[in-house]
Each structure stands twice: as C-alpha cells, then as structure tokens.
Amino acid sequence: MRRSKAGINRRRFLAGSAAGVAAATLVPRHVLGQGQTPPSESLGGALIGCGGRGPGTFRDLGPDVRMLAQCDVRFADRADNETYYTDYRRVLERTDVDVVAIATPPGWHALMSVAAMEAGKDVLCEKPTTRFISEGRAVVEAERRYRRIFQICTYGRFGANRGIHKLMASGLLEECPAVVVRRGGFKVAEWSGRVRYEIESVPEWLDWDLYCGPAPERPFHRHRFGGSHRGYWDYDGGGLADMAQHHLDGFNYEYAKDFTSPVEVEPFAPPAHPEACGMWGWVELRYADGLTLVLESGEWGERYDRRQPRQVSEADLDEAGRRKLAELPDPEPLLRFPEAVRTRHRAGGHAEAAHRTATLFHLANVAIRTGRKLRYDPEKEVIVGDEEANRLVHQPMRAPWRV
Amino acid sequence: MAVAESLSALVERMPDADGRGMFTENIDKPRIEDALAEIYGGGREYVRGLVEMLGVPGSEADVKPRYALHALGNHILQQGDEPARRGYAETLAEALAEERPAHVKAFLCEELQWFGRGEAAGALAAVLAEEALVEAATMALMAIGDGAAAAFREALPAAEGKRRRNLVHGLAALADAESAPLLREVLNDEDREVRLAAGWGLAQLGDAAAVPLLLEAADAGPGWERIQADKHCLVLAEKLAAAGRRDEARTVYARLAETRTGNAEVYVREAAERGLASLG
C-alpha cells in the first residue's frame, strides 16, 4: 500500500502547494516535444518497481513531476495499463511520460534504463547501475546516442572531497600512492542467498516470468523475491553490489576514476556458490597509476593486512606541482537530476561515472566468484586472458531480453 | 573404498547450510579447497559421480553436490589445467545427452555456460529441441560462442514459438555475419520478438544489405516496436559509418531525420541529425 500512497501523496502535494498550482498551469514537456525542455515546467513521471526504495526514488525526480504510471510485476491482478502496469515497455510507449524512476531489482536496471532512453525519457535509476559490466557500456551508449539525462540514485560524490578530485584530475601526480580501504558496511551475510529452500507455487499477483526477465526462469521460492533477491547472482550481487555503489561513488569522483577502471583484482574468499551470493573476506583492486582500493567485508576470514591505508594530498606534489595545481580552476559543480533535466547538462552521477563505479564491485564479484586474480583492460573492458571470467563480464540474457 | 563412497566423503566436507539455509557460518576455506583438490584428482569419474548426486534444486540432498560441482569447475580453471577443463565439460556434455530430470539438465547447461567451450556445443545443440531446456541451452551456447551460430541456424527451420524466439535471439546476440541472410529472412516474422531480435542482430552486424529492410521496419506505428526499430537504425548507421560506409549511413540518418517530425520523436530526429553532422 505504501507504493500507491506515495503516488497519491505526490499528487496531493502538487495540487495543494504553490509548486503544484504553478505546475498545473505550465505546458508539459511532451506537448513541446521531448528534448525541448523549457526552463520551468511540469513533467510526466513514471515509477518502475514500486516496492522498497521505489517511492523515495520517485521523489528524487524532483518537485515538479506528476506520477502518471506505476509499474510492478506484483500488479498482475490490478494492471489496467492506464495507471498500473506490469510491463514496463507499455509505460515507455507513453509520450506523456518524460522522466522515469527505476527501482526494480538490479537485474532489470540496465535494460530499463537503456529502453527508457531509447524512448526519449530521462532516467533516475536506483543503485547498482547494472548486474554485470557490459550492461554498463550499453547504458553509456544509450545516454550518448539519445542525449538523455541519466543519474544513478546515490549521491556520495556530491559530498566528496573536491580538493582530492582536483589534485587527481589535474594529472600532476604520475603515480598515486593512495591506499583506500573500505571496511564493513557491505551486509554480506544479510544479503546472502539460500542454498537450501523449498520450491513454492507462484502467487497469482506475481508475473514471475517477467520478474526473472533476462535471468533464468527458476522454480519460485520467496527468498528470491522482495528485497532478499539481493542474495542471488541472477538478480544482483549480494551485499557487495547492494552497498558498494554508495560507498564508492564518492571514491570514484575524488580519485578521478569516472572514465577508467582498475587493471588488477585479487580476492580472498571461499569458493562461491553458482546461484547464491555468499561470504568473502576482501578484494584488492589496483589501478594503472598505483592507486589501491581494498574492499573488506569484515564478516569473514582474516583481516586485510597487506598495505596500510594512505590518502593522497597536495604534499605528494613538489613545489612546482603545487603552484600549477593552485592555478587550475576548481571542479565544476555537480548537477542533481532535476537540475540536469532542466538545463539539459549531464548529471553528476552520469552513466559513465555510474558504470565505472559499478565496475569496481562487479570486478570484485567476478574475482570472488572465480577465485582467481584477474587482469582487466579498462579500455576494452575485458578481463585479459581469461575466457571464463569474461563470461561474467558479459553475460547472456534470456530471450527476448537484451540491452 | 568404492568411488561413490570416497566421493561422498569428500562432498560431505563442503559447507553445511546454516539455519536460514545459507552458506554464512563455519565456512572453512582450506577444508573446502582440500576436498576440491581431491575431487579434482579423481578426474572424470568423480565429475560423473557429482552429476549423479544432483537432486531437486534446494533439497538437502542437492546442496553439497551442486556446490561441489561448480566449485570444482573453478578449481580446475585455477590450476590452468586445460585437459581437465575439457574433461570436465565433456563429462557434463555426455550427461546432458542421457535420460535425466529437466532440472538436472538445466543445471548442466548452466555449468557448461561457465566452463564449457566448443566441445560442449554438440550436446547443447541437441537439447535446443526441448522446450524445457531451450533457454538454458541457448544461453550456454551464447556464452560459449564456438559452434553456437551453426547450431542455432540448423535448429531454426523446425522451431516454433518459444524455441524460435530463443534461436533468433541467440543468432542476433552472436552478431555472426554468416547468419545475416537468415536474420534478414525473419525480419518480417509474425512473432514481434523474432522481428525485433532479427533487427537487433542486423544492426549489430552493420549489415549494409539490411538498410532498406530496417528502414521499412522503422515505419511501424507508434509504440515499442517503432522505438526499437529506431534504435536498430541508429546502431546500424553507427556501425556503417565506423566501417567507412558513409553513404549507407547517411541514407539511414537522413530517413530518420526526415520522418521523425512529431513532438514525441524529436529526440530521434536530433540523434539522426547529429549522426549526419558527424559524417561531414
């Protein structure tokens, strides 16, 4: 009930507030044509994936967005294809929908983000950006091809250290001595999957085939659904994929890694289960410039002790470097989704930034799942010399789904 | 000790599911890895033995063999032992050809998706004919690549419905040039998903012969199919331009720029205009 209440609240809020009155008198964007965004307007919005974070994600679309459509595979018994939908493709066909909030399980994030941009919509997508690495490139390509606004729904970078970003983006440091250790907060045991369970019949209100989407259609059991989906490789990547986009969004911005990825990944983890996400100890990721990022679960195994944490600072430059740095302009401010939509300038958590941040924990998960040290080519976005590991970088999707 | 008995003892050393049915407690990495090393030493006979131990997904009897079979595949890759990997995959492929429950066969397809190569293509191709397995087999062949396109092409003439959708989906995902004539043929299929998959495949291929066909497909009425057809045209034009076929790319972009005149399609027209501008 929370999901429909949120929509009603939004409409009530708009109707009862000054902003709502103003919005009602403005010309919606679809009347002017998509891509022709006037500076102030009312936007038609849709929410795809209405449970959990859904209402909050929709709110982040901004104050002038009217909820026109809600889509969820749990609406099988109430879908009218006017307000409630089960099939997101029908939502995207609507020309009065300008912006879309996506809050489904992550196995759908990339497909829906890409499809929404193909349909001319701007997208605010819950984290994680993707379920595997090659999906992220498709999101980036769609953003580029259609010049839509994409923002990942996490905001660590907006409060990140801009001084470190300026230093790292300057290119004045040839080698980066920093060692960043993120310990804990990954909810590893909490978001593990079940290896022992009882198969159940699919509830009537659920479109299970559509829920599974690009993943194999497996026998239904409730733990695969409704939040605990995070514990299954089919839909997500455990607590690591669930939490790391939050933890690493700021890191990726601070260290100016929005357009590159690590070159080496080494895990410490027990052998992984084929379907259920499980325990791991730590993963060490190293960039070509020497920057080291360590993700440590704090929930299993021995503590990481290879290297001590160390930040980078201006003190790592010589005097001439510090002078050059001082002469450089400060970083541009980052735009949040509503501002990006209004100005048609790229959002702070744009597709490439979101994809490269997601690549960090996807690489970590590939290393955990294969139990191998991996070398990664950040340009080609492939693991070097490991055909089987690359099958986790680029995974086949079940027909008819693709990005 | 008989094979079954010794293997069972090793499988028993895999972790126990905790009270929630998860592998979160008492996960002893050295104990698991030592047992896997011994199973690895048992060669094909032990791989076959693990397959025989698989049960209904989620059942107590299935938990440890399922985990052990998958972890063994990774253990073999960690050793860099290609003959052992091939032996592992061939054993699973043989088992796939035998009489077994569909849920076991589906899991074998999934394991071949991760660990199989060309040696498994024949066995996977054979189960493309089975409605219950066509999805798992298609996905495995898409991942393996080697021998997959030929398997899909061969199976397509006799396939209908879900099987047909899967096979064309697989062909399109592989972007296999030899399959272009077949994809052009099914571009007017009565099944929308087949049409869209074919368009996607031809676009990915940058198939110049598909220019008029994809432009015609983009004449579809408003809705999902038209949105996807627009994408196919834009991707096709990008591929053609990248391959130096600027005239064909220009034809595609120009048509979209001329025809996407409504408010709802301004963004497509603008994408096409940017494409035209990039051609000079």
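Each of B:Met14, A:Cys176, B:Ala97 was placed along the dipole of the protein assembly as shown (beta-carbon charges, centred on the mean Cα), and the one lying farthest toward the positive end is A:Cys176.
If you take the square roots of the eigenvalues of the alpha-carbon gyration tensor of segment B:128-188 and sort them as a ≥ b ≥ c, do you get rounded (a/c under 1.5), prolate (a/b over b/c) or oblate? Mind dumping the intermediate values first?
Numbers: a/c = 1.90, a/b = 1.15, b/c = 1.66.
It comes out oblate by the Cα gyration axes.
Highest average first, the peptides A:277-284, B:38-45 ordered by how many other beta carbon atoms sit within 10 Å of their residues are A:277-284, B:38-45. Over the protein assembly as shown, DSSP H runs of length four or greater, each weighted -39,500 (n - 2.57), average out per residue to a 222 nm ellipticity of -14500 deg cm²/dmol. Overall, chain A carries a charge dipole of about 860 debye about its Cα centre when +1 sits on the Cβ of Lys and Arg and -1 on the Cβ of Asp and Glu, all other atoms neutral.
Tell me, what is a quarter of the convex hull surface for the C-alpha atoms of segment A:195-321, in nm² with one decimal? All intermediate terms of the calculation are to be shown ahead of the outcome.
Numbers: hull surface 42.8 nm².
Dividing the Cα hull surface by four gives the mean projection, 10.7 nm².
Of interest is the spacing of the C-alpha centroids, which for segment A:258-272 and segment A:273-331 amounts to 12 Å. Taking every DSSP bridge with both residues inside the protein assembly as shown, close to 40 percent are antiparallel.
Report, please, the projected area of segment B:55-190 averaged over directions, based on the convex hull of its C-alpha atoms, in nm².
Details: hull surface 34.8 nm².
For segment B:55-190, averaging the hull's shadow over all directions gives 8.7 nm².
Shielding of peptide A:391-397 by partners, expressed as the average count of other chain Cβ atoms within 10 Å per residue Cβ, is 5.
Once a ≥ b ≥ c are taken as the square roots of the eigenvalues of the Cα gyration tensor of segment A:261-403, is the result rounded (a/c under 1.5), prolate (a/b larger than b/c) or oblate (a/b not larger than b/c)? Can you show the working numbers first?
Values: a/c = 2.13, a/b = 1.28, b/c = 1.67.
Oblate is the answer for segment A:261-403, as a/c is 1.5 or above yet b/c matches or exceeds a/b.
Result for chain A in a Gaussian network model with C-alpha springs under 10 Å: among A:Leu328, A:Leu240, A:Leu206, the largest mean-square fluctuation is at A:Leu328. Take every Cα pair under 8 Å whose residues are at least 6 apart in sequence, average their separation, divide by the length of chain A, and the relative contact order is 19 percent. Remark: mean inter-chain Cβ contacts per residue of A:185-194 equal 3, using a 10 Å Cβ-Cβ cutoff to other protein chain atoms. Only one residue of A:Pro271, A:Pro219, A:Ala241 has its Cα farthest out toward the positive end of the dipole of segment A:156-298, where Lys and Arg carry +1 and Asp and Glu -1 on Cβ, and that residue is A:Ala241.
Segment B:111-157 and segment B:28-55 have Cα centres separated by 26 Å.
Please compare each pair in A:Lys380/B:Lys64; A:Lys166/B:Lys239; B:Lys162/B:Lys231 to a cut-off of 29 Å on the Cα-Cα distance and tell me which ones are over it.
Values: A:Lys380/B:Lys64 37 Å; A:Lys166/B:Lys239 37 Å; B:Lys162/B:Lys231 24 Å.
From A:Lys380/B:Lys64; A:Lys166/B:Lys239; B:Lys162/B:Lys231, over 29 Å: A:Lys380/B:Lys64; A:Lys166/B:Lys239.
Treating each Cα of the protein assembly as shown as one equal point scatterer and applying the Debye formula with no solvent, the log10 of I(q)/I(0) at q = 0.08 Å⁻¹ comes out as -0.63.
Extending 7 Å from the Cα toward the beta-carbon at both B:Ala97 and A:Ala288 defines two label points whose distance is 4.7 nm. Where q = 0.15, 0.20, 0.24, 0.25 Å⁻¹, what log10 of I(q)/I(0) comes from the Debye formula for segment A:148-206, counting one point per Cα? With no solvent term, the Cα-only Debye profile gives -0.84, -1.06, -1.13, -1.14.
For chain A, a Gaussian network of Cα nodes joined below 10 Å ranks A:Arg148, A:Arg306, A:Arg375 by mean-square fluctuation, and the top entry is A:Arg306.
Per residue of peptide B:66-79, the mean number of Cβ atoms on other chains within 10 Å of the residue Cβ is 4.
Ordering A:Leu167, A:Tyr146, A:Ser192 by Cα displacement along the dipole of segment A:64-201 toward the positive end leaves A:Leu167 in first place; charges were set at the Cβ atoms of Lys, Arg (+1) and Asp, Glu (-1).
Take the alpha-carbon positions of chain A, form their convex hull, and give its projected area averaged over all directions (one quarter of the hull surface) in nm².
Values: hull surface 81.6 nm².
Approximately 20.4 nm², given one-decimal rounding.
Computed from point charges on the beta carbon alone (+1 for Lys and Arg, -1 for Asp and Glu), the dipole magnitude for segment B:53-118 about its Cα centre is near 120 Debye.
The Rg/Rh ratio of segment A:218-268, with Rg taken over Cα atoms and Rh as the Kirkwood radius over Cα pairs, comes to 1.12.
The numbers here are math on the coordinates, done by the rules we state, and not lab data. Given the structure is predicted, the values throughout are model-derived calculations rather than measurements. Virtual Cβ from ideal backbone geometry, glycine too; neighbours counted across all protein chains shown.
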